[in-house]
1. List the lysines whose Cα sits under 27 Å from the Cα of Lys151, skipping any in the same chain fewer than 8 residues away.
2. What is the spin-label model distance, in nm, from Ala61 to Ser92 if the labels are put 7 Å beyond Cα along the C-beta direction?
3. So, R0 is 25 Å and r is the distance between the beta-carbons of Ala259 and Ala335; what FRET efficiency does that work out to, to 0.05?
4. Using the Karplus curve 6.51 cos²θ - 1.76 cosθ + 1.60 with θ = phi - 60°, what ³J(HN,Hα) values do you get for each residue of the stretch 193-203, in whole Hz, with x for Gly and Pro?
5. Order the following by accessible area, largest value first: Glu128, Glu233. Probe radius 1.4 Å; ligands, DNA and RNA are ignored.
6. Apply the Karplus curve 6.51 cos²θ - 1.76 cosθ + 1.60, θ = phi - 60°, to the phi angles in the stretch 290-299 and return the couplings in whole Hz, x for Gly and Pro.
7. Mind pulling up the Rg/Rh value for the stretch 33-134? Radius of gyration and Kirkwood radius, both on Cα.
8. If we restrict to alpha carbons, what Rg and Dmax does the stretch 180-280 come to, in Å?
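The values are calculated or read from the model by the stated rules, or taken from the named source; none is laboratory data. The structure presented is a predicted model; accordingly, all values stated were derived computationally and were not measured. A quick note on method: Cβ atoms are made from the backbone with ideal geometry, for glycine too, and the neighbour counts reach across all protein chains shown. For the accessible areas, the whole protein counts, side chains as well, though only heavy atoms, and no ligand, DNA or RNA atoms are used. Shrake-Rupley method; radii C 1.70, N 1.55, O 1.52, S 1.80 Å.
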Amino acid sequence: MTTLRIRRPDDWHLHLRDGEALAAVLPHTVRQFGRAIVMPNLKPPVTTTAAARAYRERIMALLPATSAFQPLMTLYLTDRTDPAEIAVARASGIVAGCKLYPAGATTNSDSGVTDIRRIDAVLERMAEHGVPLQVHAEVTAADVDVFDREKRFIDEILVPLHLRLPSLRIVLEHATTRAAAEFVKAARSNVAATLTPQHIAMNRNALFAGGIRPHHYCLPVLKRESDRVALLEAAVSGDPRFFLGTDSAPHARAAKETACGCAGIYSAHAAIELYAETFEAAGALERLEGFASEFGPRFYGLPLNAGFITLEKREWIVPQHYPFAGGDVLVPLRAGEPLAWRMTD
Ligand code: DOR
Ligand code: ZN
């Protein structure tokens with residue numbers, strides 16, 4: 001049997017939700033990852049350090065006493081974020097960054113930023129205090145083709161921002177295009193990107209394979225094959241500016257399988273196994289550890305995890321669904337299909 005032992009990985013972009021949903025999904029992440037950057041798009045959003053602390057405590061309360069898992073919290077930026085909040089966040093030691101959702105770009109982004117220039121003072125404080133900006137990089141104008149929204153955001157918002165505030169640390173979250181990979185490579189070393197399991201393994205054909213496939217719908221949406229290839233090349237390149245962030249985003253089955261389904265792919269049940277399969281197919285399994293366990297902590301200025309995990313090349317079938325909140329279930333990525341790798345517990 002083939003086995004692979006790597007340092008325990010971290011998930012640098014994760015949606016954990018709250019309440020019953022949080023309790024349902026948290027064990028999946030904790031099984032694999034030492035830490036996770038927890039997204040703040042709750043209802044209402046996590047906009048202050050005090051709210052992030054309370055959310056962190058709700059997560060910690062669900063962990064077994066023996067667990068060393070650490071949630072790394074984020075603040076949700078709005079047009080009204082107080083620049084003074086940044087120093088408070090930095091001093092708290094529990095906030096790993098601030099998330100920029102352009103208003104209306106995705107799930108629970110209604111309170112997001114309507115114009116980046118409205119938060120200039122906040123961004124300046126973030127640069128001063130070394131607080132990373134995590135970006136959902138899509139313009140929201142209705143007249144921009146949905147497949148062009150990331151590139152337009154890079155050209156119109158991110159490139160000027162990086163020129164204006166070169167010391168601001170930026171993570172282009174869930175990169176989906178060749179343009180995103182190229183932006184990161186051309187930028188300074190304080191600009192990075194997270195890559196999801198779906199965007200390095202699938203292209204937009206997966207949205208329509210044999211019929212419309214709501215469980216392959218996320219935002220930013222899957223792009224064309226040439227984009228996927230560019231993202232996979234970045235992932236396996238050993239370039240430390242590209243690292244693991246699942247963007248695992250649970251929604252109840254009824255909210256996905258409907259006339260106007262929610263955006264979000266659930267991958268936390270098998271995240272490291274999904275990445276292992278894709279890295280192996282690219283002939284780059286030896287690059288998985290850097291991508292999954294080393295480059296993220298290096299970017300965020302955190303120590304590497306002390307422990308290790310073992311993956312075995314042993315086929316298993318992903319369950320059709322997992323229990324979720326409100327009596328509904330959660331349909332995971334690759335539901336009912338075989339996966340080649342399994343992490344041993
Ligand atoms: O597909 C997505 N789902 N993209 C996001 O940006 C948000 C996420 C969610 O919270 O469901
Ligand atoms: Zn996300």
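1. The reachable lysines, counting only those whose Cα sits under 27 Å from Lys151, are Lys99, Lys185, Lys223, Lys256.
2. Each label point is offset 7 Å from its Cα along the Cβ direction, giving 1.7 nm.
3. 0.75
4. These are the phi-based 3J(HN,Hα) values: 9, 9, 10, 8, x, 6, 6, 9, 10, 9, 10 Hz.
5. On the way: Glu128 135, Glu233 105 Å².
Correct descending sequence by accessible area is Glu128, Glu233.
6. In residue order, the calculated couplings are x, 5, 8, 10, 10, 6, x, x, 4, 5 Hz.
7. Values: Rg = 13.7 Å, Rh = 13.9 Å.
Across the stretch 33-134, the Cα-based Rg/Rh ratio is 0.98.
8. Gyration radius and largest Cα-Cα distance of the stretch 180-280: 14.3, 43 Å.
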